[in-house]
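Here the structure comes first, spelled out in structure tokens, and everything after it is commentary.
The values are calculated or read from the model by the stated rules, or taken from the named source; none is laboratory data. Please read these numbers as outputs of a predicted model, since none were measured by experiment. All Cβ positions, glycine included, derive from the backbone under ideal geometry; neighbour counts span all protein chains shown.
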Amino acid sequence: MGHMEQLEVIILLLAFAVGVIALFRRINLPPIIGYIFVGLLIGPGGFGIIPSINEMTFLAEFGIVFLMFTLGLEVSLPRLIAMRKILLSVGGLQVLSCTGIAFAIALAVGVDVKAAFVVAAVLALSSTAVAIKQLHEQKEQDSVHGRMSVNVLVFQDIAAVIFLILIPTLSGGDQETSVTISILITLFKGVLVFIALALIGQYLLRPLFHEVAKAHSTEVFMMATLLVALSAAWLTDALGLSMAMGAFLAGLMLGETEFRHQIEIDIRPFKDVLLGLFFITVGAYLNIQDLQAYWPIILSLLCVLLITKAIIIATIVNFFGKIPKKSALQVGVILCQGGELGFLLLSVATMNNVISPELRSITISTLVFSLIIAPILIRYSKKISAYILGDKSIESKTGKDFQPHQLSEHTAELRDHVIVCGFGRVGQILVRFLDQEKIPTVALDLDPMRVSKTSMAGEHSFFGDARNPAILSAAGLSRARMVVISFAEEAAALETLKHIRSLRLDVPVFVRTRNDSNLEAFQKAGATEVVPEALEGSLMLALHLLLALGVPTDRLFMKIRRVHADRYSVLRGYFKGADDYDTIEEDAAARRGLHALTIKEGSVAVDKTIAEIMEGSVDVSLKTLTRGNKRFPKPGHDMHLHVGDVLVLFATPEALDELETKMHAVAS
């Protein structure tokens with residue numbers, strides 16, 4: 001295929017995709033179905049507008065690479081460890097039961113062993129994208145059935161990675177011994193790769209992204225993200241494993257860093273476009289003639305899938321998840337469809353010649369129709385479960401169905417919080433006052449060192465560009481009580497304000513500026529209050545001066561209120577001098593700042609009191625102590641220190657270095 005022909009193919013793909021996806025979104029059908037429909041229309045099995053898709057297959061695989069990379073970012077290791085019992089008991093039993101029963105049925109109807117395993121693995125998975133999207137639209141993600149559905153989906157995503165490792169091993173010889181050895185070797189490789197990437201993530205990726213973030217360049221940050229994702233995919237592919245597995249593990253490692261949200265936003269355009277291309281190639285594998293020939297089989301398989309899977313999931317969730325029957329049946333209805341990762345497993349099986357084209361078309365068609373039906377089933381899952389159980393009343397949205405839940409994602413559990421954009425000196429002071437009033441906060445900042453230190457000290461700070469609407473949404477803007485823009489760059493602050501107003505008009509937004517030069521621009525952009533530092537500093541100085549001169553307090557506060565009511569119009573305008581932008585050299589007191597110090601194993605501080613450790617230290621004061629998830633604002637001097645404690649010290653850099661050196665010297 002020549003260059004012009006390739007360009008014509010790309011133009012045709014884009015033209016069909018734009019029209020079909022827009023139509024499918026309008027009729028509330030998943031975009032995945034739209035992409036598959038495009039592939040069916042223009043592929044060799046449809047109208048043959050594009051006679052061959054071989055040239056697109058390799059490029060389309062990168063859509064799955066980025067999908068698995070994003071999936072790894074979303075899977076939190078601490079969350080998995082905390083939820084291991086429910087994941088293994090409910091999620092594990094669901095995958096094993098559905099796979100086992102589907103495998104037995106496939107064998108019973110004459111499918112060979114290897115293809116039967118592939119089909120069983122595909123049908124055991126559900127659609128994360130469709131289920132979670134629909135639950136969020138219905139505001140049921142926090143319900144009992146919503147939380148349980150998400151738990152099962154998390155385990156299914158992990159199981160999909162295991163299936164990706166196993167399926168290529170089935171392409172070996174027919175001997176049972178050779179297949180077993182191949183599986184063991186592949187699993188051993190997978191374990192080695194996991195350990196290697198875990199070490200790389202701990203000792204290389206985090207420092208790498210710290211250095212990249214310091215450049216304050218979106219392009220460099222995005223290129224670093226692509227480098228990591230594609231390098232991990234290349235590594236696993238070179239070892240005979242799937243590229244998707246390497247991408248998943250890379251995402252898993254980066255998901256534990258403070259850069260997670262920014263990485264996810266940067267990778268999304270590549271994932272969306274290439275993943276759409278992947279689903280187009282999936283649709284191109286379909287054949288309209290096969291659909292006409294096998295429609296009775298497809299319809300039968302669809303009914304068996306939806307009914308059997310719903311019953312299995314509902315039974316397991318009810319007995320092992322310890323939730324009511326109605327909620328358990330809702331989970332079964334929500335997860336009875338096939339999933340997008342099933343297409344990936346079929347693609348891998350096709351590349352390894354494990355499944356026949358006819359069986360592949362039947363399975364893909366079944367998945368497609370199940371995804372079309374899924375939003376309707378999820379929307380009416382409560383009514384369906386009530387009808388099956390003979391309960392005609394709709395379950396109340398109070399009581400157990402809306403119990404408080406614990407999520408590893410900090411922002412997901414916040415309501416009526418304050419988002420602080422910029423976590424420098426001003427932002428930290430604001431958060432300190434808000435903490436004293438027990439008002440929850442989320443801080444966004446682009447300084448990796450500051451985010452790392454404050455996070456370690458127990459602050460709720462995250463690395464992310466507040467000018468990005470997706471980052472603002474991830475910070476919970478839709479649920480926020482107020483937003484404060486505290487960084488000094490006024491152009492960036494104005495851009496952030498515009499994005500906030502594009503997402504939400506009713507949230508109060510306070511903006512800090514250096515002076516009044518852009519006051520009107522911020523007010524026109526929708527700022528609730530604009531606080532110029534220079535003018536507020538002048539007001540405070542005037543207040544103290546006039547108090548000292550004996551002016552009555554009531555008169556002073558009346559003047560201050562009048563200035564604020566007039567939005568500083570009385571004070572605006574002054575003659576600038578040459579020294580307006582000069583800075584005064586800071587003395588030792590001014591150079592004191594907050595620093596986080598972790599008590600490591602082998603340190604002299606372990607099992608000693610704070611008084612013993614701080615003895616003789618000059619220009620150092622202890623502000624807070626964080627131990628695990630608990631924070632001590634004013635720890636007593638007789639408190640003993642443990643390994644892992646984080647001390648937040650107010651000190652000059654020299655005094656801090658002296659304290660660290662003393663502790664290390666004694667410990668060694």
Read through the list (1) over 23 Å from VAL646 (Cα atoms); (2) within 17 Å of the chain's Cα centre (by Cα); (3) of a type in the set (A, V, I, L, M); (4) modelled with pLDDT of 85 or more, then give the number of the only condition that ILE500 fails. (2)
Members of the range 429-452 found to be of a type in the set (Ser, Thr, Tyr) and in a helix (DSSP H, G or I), listed by number: SER452
Which number in (1) modelled with pLDDT of 85 or more; (2) over 23 Å from ILE265 (Cβ atoms); (3) not in a helix (DSSP H, G or I) marks the one condition that ASP516 misses? (1)
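Could you list, in sequence order, all residues of the range 287-342 that are outside any helix (DSSP H, G or I) and touching a residue at least 24 places away in the same chain (Cβ under 8 Å)? Full working, then the answer.
Within the range 287-342, the subset outside any helix (DSSP H, G or I) is 287, 321-324, 335-339.
Listed by number, the residues that qualify are ASN287, GLY321, ILE323, PRO324, LEU335, CYS336, GLN337, GLY338, GLY339.
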With PRO532, PRO552 as the choices, which residue is within 37 Å of the chain's Cα centre (by Cα) and either surrounded by 18 or more Cβ atoms within 10 Å (Cβ to Cβ) or over 30 Å from LEU503 (Cβ atoms) (or both)? PRO532
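Scanning for something of a type in the set (Ser, Thr, Tyr) and part of a helix (DSSP H, G or I), does the range 237-256 turn up at least one residue? Let's see the steps before the verdict.
Start the filter on the range 237-256 by keeping residues that are of a type in the set (Ser, Thr, Tyr), which leaves 242.
Filter once more, keeping what is part of a helix (DSSP H, G or I): none.
No - not one qualifying residue is present in the range 237-256.
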Closer than 27 Å to GLU264 by Cβ, at pLDDT 85 or above, part of a strand (DSSP E or B) and out of contact with any Gly (no Cβ under 9 Å at 6 or more places or on another chain): does that describe VAL530? no
Hey, can you tell me all the residues within the range 294-316 that are loosely packed, with under 15 Cβ neighbours inside 10 Å and either in contact with an Asp or Glu (Cβ under 9 Å, 6 or more places away or on another chain) or polar (S, T, N, Q) (or both)? SER300
Positions within the range 617-661 being part of a loop (DSSP other than H, G, I, E, B), modelled with pLDDT under 85 and under 35 Å from the mean Cα position of the chain (by Cα), in sequence order: GLY628, ASN629, PRO633, LYS634
Long-range neighbours under 7 Å by Cβ, at least six apart or interchain, first residue crowded, with 18+ Cβ neighbours inside 10 Å within the range 474-491, second among the hydroxyl-bearing types (Ser, Thr, Tyr) and outside any helix (DSSP H, G or I): GLU490/THR513
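Given LYS576, LYS600, which one is under 30 Å from THR528 (Cβ atoms), at pLDDT below 85 and not aliphatic (A, V, I, L, M)? Before you say what the answer is, go through the steps one by one.
On the way: LYS600 fails: under 30 Å from THR528 (Cβ atoms).
Testing whether each residue is under 30 Å from THR528 (Cβ atoms), at pLDDT below 85 and not aliphatic (A, V, I, L, M) leaves just LYS576.
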The listed residue being touching a helix residue (DSSP H, G or I) at 6+ places or on another chain (Cβ under 7 Å) and either modelled with pLDDT of 85 or more or not assigned by TED's automatic domain parsing to the domain that holds PHE155 (or both), out of ILE372, ILE384: ILE384
Considering the range 102-134 alone, what residues qualify as being within 35 Å of the chain's Cα centre (by Cα), aliphatic (A, V, I, L, M) and modelled with pLDDT of 90 or more? ALA102, ALA115, ALA116, VAL118, VAL119, ALA120, ALA121, VAL122, LEU123, ALA124, LEU125
Applying the selection to the range 209-221, what residues are farther than 17 Å from LEU73 by Cα and not hydroxyl-bearing (Ser, Thr, Tyr)? HIS210, GLU211, VAL212, ALA213, LYS214, ALA215, HIS216, GLU219, VAL220
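What residue, of GLY321, GLY332, GLY338, is modelled with pLDDT under 85 and of a type outside the set (Phe, Trp, Tyr)?
Testing whether each residue is modelled with pLDDT under 85 and of a type outside the set (Phe, Trp, Tyr) leaves just GLY321.
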Based on this model, can you work out whether ALA470 counts as at pLDDT 85 or above and not assigned by TED's automatic domain parsing to the domain that holds LEU208? no
Output yes when any residue across the range 346-367 is among the aliphatic types (A, V, I, L, M), crowded, with 24+ Cβ neighbours inside 10 Å and outside any helix (DSSP H, G or I), and no when none is. yes
List the pairs whose first member sits in the range 504-530 and is among the charged types (D, E, K, R), whose second member is part of a loop (DSSP other than H, G, I, E, B), and whose Cβ atoms are under 6 Å apart, counting only residues at least 6 apart or on separate chains? ARG512/SER486; ASP516/TYR568; ASP516/ARG572
ALA470 vs. criteria touching a residue at least 60 places away in the same chain (Cβ under 8 Å) and closer than 21 Å to VAL426 by Cα: no
